[in-house]
Amino acid sequence: MSEQTDRVIVVTGGSKGIGRAVCEAFAGPGARIFFNYASDKAGAAETEQRIAAAGGVGSSAQVDVTSESDVKAFLEGVIKDAGRLDVLVNNAGVTRDGLIVRMKASDWDAVMDVNLKGAFHASKIAAKAMLKQRAGRIINISSVVGASGNPGQANYVAAKAGLIGLTKALAKELASRGITVNAVAPGYIETDMTAAMTEAQRGAMVAQIPLGRAGTSREIAAAVRFLASEEAAYITGHVLHVNGGMYM
Ligand code: NAP
């Protein structure tokens, strides 16, 4: 089945890591990829260059996903300029780890606001355009821990489990208009987010992975690209685990 190449794609948090790899995976002749970031302007410029090198057009904006008005302005601007929106990937995420007894309410709120509420803000605007188009794909980047749980990450786990709930609710709500909504749940992927781990923590993590290694951002991006493809047209409300077997 041939894949449409001239799609309009929005990726949140595209300045590095998995978000950058997702932007690159969609890049190709005719593709228009709009992504935002929190503060890493240089990283965003690098992603734009990589999209261009692959033949696509990449455009970035510094937009905090926790700001409802800024997300609205960003997405409505894209939809106005590009004339439509084919794919939204809610990828922006942060961690503020700590045991529950020591977790500050501000750490809870910060993680919920970026990882879960940010996806709500973006999905709301995207859904309006996609409902009119009677087509569209929304893909949420959850996490293995949203299904398995993880000590020291109550805020992050709750947000990632919440994203799975959001995925299923929107899948049911938007299906009649030809819109699919799915989640990708990465396992342990080497990015800036996981760079702070010690060698011992890294070793302990890899020991839990049947495939015996960390995953790559490209492997996550490939799953996202599949869920956005024509071949995945009949898949909705699904959580695709890409974790080397660490959780089944
Ligand atoms: P990363 O390297 O830390 O990149 C995070 C991205 O999100 C950056 O582009 C960052 O922008 C952006 N971002 C953060 N807060 C934002 C905000 N308030 N508004 C807009 N953008 C914001 O993380 P990653 O490892 O690629 O993770 C990407 C996604 O995958 C996250 O949702 C994460 O939870 C999930 N995930 C990661 C792993 C893993 O092992 N790495 C596993 C499971 C799930 P700046 O660069 O400007 O800060």
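Just so you know, all these numbers are worked out from the coordinates, no wet-lab data involved. Because the structure is predicted, anything quoted here is derived from the model rather than measured. Cβ coordinates were reconstructed from backbone atoms using ideal geometry, including for glycine residues, and neighbour counts include every protein chain displayed.
How big is the Cα convex hull of the stretch 71-122 in projection, averaged over all directions, in nm²?
Averaged projected hull area, Cα only: 4.0 nm².
For the stretch 154-240, what is the per residue volume of the convex hull drawn over the alpha-carbon atoms, in cubic angstrom?
Spelled out: Cα convex hull of the stretch 154-240, divided by residues, is 111 Å³.
Counting only trypsin sites (Lys or Arg not before Pro) that sit in a DSSP loop (anything but H, G, I, E, B) with at most 15 other Cβ atoms within 10 Å, what is the longest stretch of the chain containing none of them? Numbers along the way, then the final one.
Working: sites that count: R84, K104, R134, R213.
So the longest stretch without any such site is 1-83.
Got a sec to turn the phi values of the stretch 143-154 into Karplus ³J(HN,Hα) couplings, 6.51 cos²θ - 1.76 cosθ + 1.60 with θ = phi - 60°, whole Hz, x for Gly and Pro?
Going residue by residue, I get 6, 3, 6, x, 9, 8, x, 6, x, x, 9, 4 Hz, with x marking Gly and Pro.
Using only the alpha carbons of the chain, what is the convex hull's orientation-averaged projected area in square nanometres? Could the numbers behind the result be given before it?
Numbers: hull surface 51.8 nm².
The number I arrive at for the chain is 13.0 nm².
With the Cα gyration tensor of the stretch 8-92 in hand, give its eigenvalues times 5 under a square root as the equivalent ellipsoid semi-axes, listed largest first in whole angstrom.
18, 15, 10
Got a sec? How would Y234, Y188 order by Cβ neighbour count within 10 Å, fewest to most?
Arranged by neighbour count, lowest to highest, Y234, Y188 become Y234, Y188.
Given a cut-off of under 8 Å on Cα pairs at least six residues apart, what relative contact order in percent is computed for the stretch 73-170?
Working: 126 pairs, mean separation 36.3, N = 98.
In percent, rounded to a whole number, it is 37.
Straight-line reach from K72: which aspartates and glutamates have Cα under 19 Å away, leaving out those fewer than 8 places along the same chain?
Qualifying aspartates and glutamates at Cα under 19 Å: D64, D81, D86, D113.
Where the only charges are on Cβ atoms (+1 Lys, Arg; -1 Asp, Glu), what is the dipole of the chain about its Cα centre, to the nearest 20 debye?
Here the size comes out at about 520 debye.
Test of understanding: in a Gaussian network model of the chain with alpha carbons linked when under 10 Å, which of S142, S123, S229 would top the mean-square fluctuation ranking?
S229
In whole angstrom, note down how far apart the Cα centers of the stretch 108-185 and the stretch 30-80 are.
Taking the Cα centre of each part, the stretch 108-185 and the stretch 30-80 sit 19 Å apart.
Note down the nm distance, to one decimal, between modelled labels 7 Å out along Cα→Cβ at A135 and at D81.
In this crude label model, A135 to D81 measures out at 2.2 nm.
Determine the calculated [θ] at 222 nm for the chain from helices alone, applying -39500 (n - 2.57) to every DSSP H run no shorter than 4 residues and normalising by the residue count; nearest 500 deg cm²/dmol.
-13500 deg cm²/dmol
Given labels modelled 7 Å from the Cα in the Cβ direction, how far is it in nm from D192 to K172?
3.8 nm
Radius of gyration and Dmax for the stretch 36-148's Cα atoms, expressed in Å?
Looking at the stretch 36-148, its Cα Rg and Dmax stand at 15.8, 50 Å.
Take H238 and Q208, extend 7 Å from each Cα along the Cα→Cβ direction, and tell me the distance between the two endpoints in nm.
Distance between label points: 2.5 nm.
Exceeding 29 Å between C-alpha atoms, which entries from my cross-link table qualify? They are K41/K172; K80/K160; K41/K168; K41/K117; K104/K128; K80/K104.
Too far apart for the 29 Å limit: K41/K172; K80/K160; K41/K168; K104/K128; K80/K104.
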